[in-house]
Structure formats: C-alpha cells, structure tokens
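Bear in mind that the values in this text are calculations on the coordinates, not laboratory data. Computed from a prediction, not measured in an experiment: that's the story for all the values here. All Cβ positions, glycine included, derive from the backbone under ideal geometry; neighbour counts span all protein chains shown.
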Amino acid sequence: MKVAIKTLGCKVNQVESDILTTTFSQEGIEVVNFGEKADLYIVNSCAVTREAEPVYSEQLCSDQRSRKQNSTTGKQSLAK
C-alpha cells in the first residue's frame, strides 16, 4: 500500500504529518510524494483562520475530483 501526505498549515501540522509518515513506514506502508500515484491521499490542514480556509477547500475539491481515496485531518474552523 502507498500513502501520500500533503501538509497545509502550521508547524503543528508538520509535526503531525511527520508522525504519520513515521508510523506508516514502521507499519510497512510506503509513503510517497503527494504528486505520485498512491492508494490513499491525506491532506493535513490547519484552516482555523478565514484566510486558510479557501486554500484548504480548493485543494480538497481538486484532490477529490482526481483521486479515489482521500482523507483529511487537522484543524478546520466551524465558523462561517
């Protein structure tokens, strides 16, 4: 199985993505660059601020149109 992780956001998100990468690798799951073919694509985002939300939403919509398996993690604001 191949997993690709994209990090959008704060330093905490980068640490989280590093932990995910290490954990997947320890479990024998290959972590590839986000632009490569993978079985699962993870977008780890910090969209707490209003400025970050459009970037997060645009990336997520683009990824969902082009890939079968997507997952999101991180902080998303509930305020609209």
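Local charge for Ile29 was computed over the other residues whose Cβ lies under 11 Å away, with Lys and Arg +1 and Asp and Glu -1, and equals -2. Summary of packing: across the peptides 38-46, 14-22, the per-residue average of other C-beta atoms within 10 Å ranks them, highest first, as 38-46, 14-22.
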